[in-house]
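Taking it in order: structure first as structure tokens, then the write-up.
Just so it is clear, none of the values below were taken in a lab; they were calculated from the coordinates. Just so it is clear, the structure is predicted and the values come from calculations on it, not from any experiment. No Cβ is skipped: glycine too gets one built from the backbone with ideal geometry, and neighbour counts run over all protein chains shown.
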Amino acid sequence: MANSIRVASAPFDGQKPGTSGLRKKVREFMQPHYLENFVQAVFDTIGGGQGKRLVLGGDGRFGNRQAIQRILRMACGNGFSEVIVGQGGILSTPAASCLIRKYGTDGGLILSASHNPGGPDEDFGIKFNSANGGPAPESITAEIHRRTMSIDGYMTVDAPDIDLDEVAESLLGEMRVTVIDSVADYAALLESLFDFDAIASMLGPGRFKMRFDAMHAVTGPYARAILEERLGAPEGTVMNGEPREDFGGGHPDPNLTHAAELVELMNGDESPAFGAASDGDGDRNMVLGRGGYINPCDSLAVLTANAHLVPGYARLSGVARSMPTSRAVDRVAEHLGIPCYETPTGWKYFGNLMDDGRITLCGEESFGTGSNHVREKDGLWAVLFWLNIIAARTQPAGAILREHWQQYGRDYFTRHDYEGIDAEVATSLMDQLTTSLPTLAGRTVGDLVVETADEFAYDDPVDGSRSEGQGVRIVFEHGRRLVFRLSGTGTSGATLRLYCESYERDPTKLELDTQRVLAPLLEAAESLAGIARLTGRVAPDVIT
Ligand code: G1P
Ligand code: ZN
């Protein structure tokens, strides 16, 4: 059985991986040959599958299981020797990264559209991660895209579905399919990094109360196994812990808008001491202390400043943040005397720095924090890092944050997203802004004077590659800053992201309302970019 067969197909437009893989509406993915063409393009780009090994799994969204069966048949048809699949087809993104590294595979395919909604009318996605466990670099994703434009067929086999629900090894033709426990290896990795005893004695029944909102997405089984089973947090600590194909109809994005249930709980009278949430595929995190949320830029800075309290992070080689992320972590790095790198948006740029031993911790303003333990951002990892610090300092999260601001000052930060705007309008807005850049320095906008204005380009210090067009930066006096860029992860229209930050040192002004503090800068953004004038939108769709 299982002789390779070649199925003829023709190229599809638009199979260009974005910030994080190929993401499209489910309907587009369901067209015959659509998924297969892309997967074959990946296999061709890595030099064919002969004798290679792959990790495969996804966030459980609508279409996950069927896609896994089709990819298994293709892997067999392409001569792979083994595919390691998460039980039930489930692997969180950080867990997939962990498995690629631990079992030394040639890479992995992760099926997810991250925080985008799931269901027949929503989104699906697929991403190739390289042998280091991280998202494939731009050179590879560009080659995959090129390949999709000329593809005329793919290899597969005619074989029945594999049972994904039993942890077992089986053969598909000559290819071994290893269905493994989705959680165990990942949980063991986290246990090797954090002081589980200290966290467990804090979380025990009747003590410190916390809630983790899995948002009906992939982290449910991971959080239950780690927080409730291993660390002894009472049952019910994990809320919305059943993964669902449509994420319960919600938008599995851990921010103040979409994790409203948790936010309300944290603001209530009997609020837990600590709250956290993760996204569709488990790589994002949001953390909240009693009554207040911790901005991800600040979170990265606090983790860096307190890393010496965590067993796996006694020594940091350096840190990195994406360009639009506030400079809070830069101040800590300077204090510690370690380098701080500024990279374009997207996790793939951190990988080279980690592989080269230049950084230990990194993060993005978009609720992503991580370390060199894997090559993806990691939601539960960030939550355990915070719990470890809270246990070591015996102080609540809010107090730790306030002390941090007293020591380093505070970088007020916000991001305003304008979603689903007409792609042409968005492009012309960015074009007009980019054209105006050379004339901006020295200009006064409202009460603010522009110091520098440019488009961010990144020269990778490890492989020497250059990434251009990575967002417009406008810096005003006193380090106030605006950044504009278009999202690379959306599936319909365009999303404009406006990032805004301002640094405050005055100890009496560290606990003001972020949107009020940043209002003058947001006004400057409007007069420089004309968002309302060009898009007709008077307010952003999401504010974080
Ligand atoms: C967004 C975030 C970015 C993150 C990516 C994948 O990308 O802004 O920081 O790495 O999702 O989670 P964007 O839509 O802005 O291109
Ligand atoms: Zn994600």
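Okay, here's what the table says:
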read-out	value
Karplus-derived HN-Hα couplings along the range 187-193 (A = 6.51, B = -1.76, C = 1.60, θ = phi - 60°), whole Hz, x at Gly and Pro	4, 5, 4, 5, 5, 6, 9
Cα-based equivalent ellipsoid of the chain: semi-axis lengths in Å, sorted from largest, via gyration tensor	37, 29, 21
Residues of type aspartates and glutamates that LYS25 reaches as a straight line, Cα spacing below 18 Å, ignoring anything fewer than 8 places off in the same chain	ASP13, GLU36, ASP59, ASP121, GLU122, ASP123, GLU245, ASP246, ASP253, ASP281, GLU419, ASP422
Net dipole in debye of the range 484-544 [+1 Lys, Arg Cβ; -1 Asp, Glu Cβ; about Cα centre; nearest 20]	260
In sequence order, calculated HN-Hα J values of the range 398-406 (Karplus, 6.51, -1.76, 1.60; Hz; x Gly/Pro)	x, 5, 4, 5, 5, 5, 4, 4, 4
Mean residue ellipticity (222 nm) of the chain, computed from DSSP H runs ≥ 4 via -39,500 (n - 2.57), nearest 500	-9500 deg cm²/dmol
Prolate/oblate/rounded call for the range 179-334, Cα gyration tensor, a/c under 1.5 rounded	rounded
Value of relative contact order over the range 438-483, rounded to a whole percent, pairs C-alpha under 8 Å and six or more apart	32
Most positive-pole-ward Cα, ASN37, GLY51, GLY18, against dipole of the range 1-89 from beta carbon charges	GLY18
Overall Cα dimensions of the range 324-442 - principal axes, largest extent first, Å	51, 34, 32
Cα shape, the range 360-412, gyration tensor, a/c 1.5 rule	oblate
Cα centroid separation, the range 185-214 to the range 104-178 (Å)	32
Of PRO296, GLY282, ASN306, farthest towards positive along the dipole that unit charges on Lys, Arg, Asp, Glu beta carbons give the range 267-306	ASN306
Cα-centred dipole magnitude for the range 251-408, charges only on beta-carbon of K, R (+1) and D, E (-1), debye, nearest 20	540
Among ILE389, SER366, HIS416 - extreme Cα towards positive end, dipole of the chain, charges at beta-carbon	ILE389
Cross-link pairs LYS16/LYS377; LYS52/LYS377; LYS102/LYS348; LYS377/LYS509; LYS16/LYS52; LYS102/LYS127 - those with Cα-Cα distance over 30 Å	LYS377/LYS509
Counting all C-alpha pairs of the range 440-544, share separated by more than 15 Å (%)	69
Residue order, fewest to most beta carbons within 10 Å, for PHE12, PHE274	PHE12, PHE274
Loop-located GluC sites (Glu not before Pro) in the range 455-544 whose Cβ has at most 14 other Cβ within 10 Å (DSSP)	GLU468, GLU511
Value in Å of the Kirkwood radius, where the range 126-231 supplies the Cα pairs that are averaged	18.3
Whole-percent pair-distance distribution, where bins are 10 Å wide, for the alpha carbons of the range 266-317	22, 39, 34, 5, 0
Distance between the range 358-403 and the range 287-310 - C-alpha centres, whole angstrom	6
Residues LEU171, LEU534 arranged by fewest to most Cβ contacts within 10 Å	LEU171, LEU534
Nearest-20 debye value, the range 401-455 charge dipole, Cβ charges on Lys, Arg, Asp, Glu	340
Diffusion constant of the range 376-527 at 25 °C, which comes from Stokes-Einstein with the Kirkwood Cα-pair radius and 0.890 mPa s, µm²/s	136
Centre separation in Å (Cα based) which lies between the range 1-19 and the range 253-283	40
The range 30-186 shape via C-alpha gyration tensor axes, a/c threshold 1.5	rounded
Two-site label geometry, GLU261 and LYS102: point separation in nm, points 7 Å out along Cα→Cβ	2.9
